[in-house]
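> So that we are looking at the same thing, I have put the structure below in structure tokens.
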Amino acid sequence: MRPLRLGRDTTALHDIGISDWPKSPQRGVSIIEVMMAATILLVGFIGLLKAVTICSESLDTARKQQVAIQLVAGEMEKLRSGSWSSLTSMPDSGTLTIDASGTPTGDFTSFALTNRTAVLTDDNTTMLGLSRGFTFSFTRTFLRPTGATAGTATYMKVAYTVTWKTNTGRTQRHQIDGYFGKNGLHLSYQQS
């Protein structure tokens, strides 16, 4: 076997001492092989883009759902800390829409988010900023006694609903029902 000498004159394996290596004509990559490789890469990239889109929507939905939960929890806490007469004097329903700039429109006096006033300077601006594009609504229903009015009610339900659109345009909704009793929540203490 000859000593290995690599240089500019070495052109094939048999030139460096490997004589039994089969000689074959030089060949390149065919167009079909290139197209198959491009197709496989394209399918992989499409799958990756779809996964990124799904993850982005999931993160957006989770963030907005957390904001919705915080909004409803704040409203419920404000109701729980109020008097029974303030609960029964609530309107039957109310809606507050927060636009893309974080400015609320609607029934200001029925929501703790706007401090139940029409003045915008005392609003919870941090939560309003986080809840851009949300629609916030509630309904109040007297449950006991049957046919109760604000003066005779002993048990009521307040349902808060928050609606928003995800970054892909899907509408999401979160609803929580709160039950309030004149003498506490235990039904055996209710007078009807």
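> For the range 42-189, what ratio Rg/Rh do Cα atoms give with a Kirkwood hydrodynamic radius?
Here Rg/Rh amounts to 1.11.
> While we're looking at this one, here's another question. Tally Lys and Arg at +1 and Asp and Glu at -1 over the other residues with C-beta under 14 Å from the C-beta of TYR155: what net charge comes out?
Numbers: positive: ARG140, ARG144, LYS157, LYS182; negative: ASP177.
Here the charged neighbours net out to +3.
> Sum up the lysine pairs in the range 42-189 that clear both bars: alpha-carbon distance under 25 Å and a spacing of 8 or more or different chains.
Lysine pairs, 8 or more places apart or on different chains, close enough: 8.
> Tell me the Kirkwood hydrodynamic radius of the range 60-142 in angstroms, computed as one over the mean inverse distance between distinct C-alpha pairs.
Working: mean 1/r = 0.0762 Å⁻¹.
Hydrodynamic radius (Kirkwood, Cα pairs) of the range 60-142 is 13.1 Å.
No value in this document is a laboratory result; all are computed from the given coordinates. Treat the numbers as computed from the prediction; the structure is a model and nothing was measured. For neighbour counting, all protein chains shown are included, and Cβ atoms are generated from backbone atoms with ideal geometry for every residue, glycine included.
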